[in-house]
Amino acid sequence: MDPEAFSGLCSVKRGVQTMGKDRETENTPERLLARAYALRNDNPEETLKLYADWAETYDHTMIDGLAYRSPRRIAALAAASESRRDARVLDVGCGTGLLADCLRGEGFSRIDGLDYSAPMLAVAKREGRIEEAFLRDLNAPLAMEAECYDMLASTGTFTHGHVGAECLPGLLALLVPGGRLICTVHHDVWDEGGFGAGLQALTDAGAAVLRSREADLLFEDDDEPTGWYLVVEKRPA
């Protein structure tokens, strides 16, 4: 092989090795979370690609890599808010079912899951964390039976580039009167995503009452509270 061709081959091999390293670093916990926080509501293709890439490693990334604490915290709030362990629960934006798994740990036995990502839902279903799986876009009408859940639980859904507060009336429609939405809202989207104003509008209209709002960490290693933990009760019509 002539020197020029040999040099070219070495360059190609170095390029392949670099690409391999790039692929490895692309799926580190920090990189995946950065991709999630960079999502935009107007780019559903990127959202679907991220969660397809992430589905099989999501649990390990979030729990072991990032010390994600909010599923346990929301499950504890749910257990304190609802005494009936056979209450019908919908995990909104369930992903792989981390929250559903924590809810089962608190004794809840009837848990369905709703998510935008089919691969994430498939993991939740495969692991036995949810019963029924609903593939739905929270930015569109849900086309689900009204007043069929006693509780909605959610963590990590009301955050950067996922959904805005416009979904709240549609979610409340799924609850029986007196049912509760127990969820996190990332601090950064409380105002930017319209959640503060949206909840206030529902309260002013007599559709809901905010039972509690507590600032707390979403990840164990956060230096300060990064999210709101909410308990919202649906009022009778």
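The values are calculated or read from the model by the stated rules, or taken from the named source; none is laboratory data. Not measured: the values here are computed from a predicted model. Note that we place each Cβ from the backbone using ideal geometry, even for glycine, and neighbour counts take in every protein chain shown.
Quick rundown of the values:
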| read-out | value |
| --- | --- |
| Only listed residue being under 15 Å from the mean Cα position of the chain (by Cα), modelled with pLDDT under 80 and assigned to a helix (DSSP H, G or I), chosen from A55, A34 | A34 |
| Any hit, the range 91-104, residues being over 16 Å from the mean Cα position of the chain (by Cα) and in a helix (DSSP H, G or I) | yes |
| Selection within the range 60-74 - in contact with a Ser or Thr (Cβ under 9 Å, 6 or more places away or on another chain) and in contact (Cβ under 8 Å) with a residue 60 or more places away in the chain | Y68, S70, P71, R73, I74 |
| Filtered residue count, the range 77-95, keeping only those that are surrounded by 17 or more Cβ atoms within 10 Å (Cβ to Cβ) and acidic (D, E) | 2 |
| Candidate set: the range 225-237, residues that are more than 15 Å from A67 (Cα to Cα) and in a loop (DSSP other than H, G, I, E, B); chosen: the one nearest to the chain's Cα centre (by Cα) | R235 |
| Spans of strands (runs of 3 or more DSSP E) in the range 113-224 with at least 3 residues surrounded by 21 or more Cβ atoms within 10 Å (Cβ to Cβ) | 149-158, 175-186 |
| Matching residues in the range 92-115 - criterion: being within 16 Å of R72 (Cα to Cα) and hydrophobic (A, V, I, L, M, F, W, C) | V92, C94, L98, L99, A100, C102, L103, F108, I111 |
| Residue within the range 40-52 that is modelled with pLDDT of 85 or more, under 15 Å from T96 (Cα atoms) and surrounded by 11 or more Cβ atoms within 10 Å (Cβ to Cβ) present | no |
| Residue ID - surrounded by the fewest Cβ atoms within 10 Å (Cβ to Cβ), chosen from residues in the range 225-237 that are of a type outside the set (A, V, I, L, M) and more than 16 Å from T159 (Cα to Cα) | P236 |
| Boolean, M19 is exposed (fewer than 12 other Cβ atoms within 10 Å of the Cβ), of a type outside the set (G, A, S), modelled with pLDDT under 80 and outside any helix (DSSP H, G or I) | no |
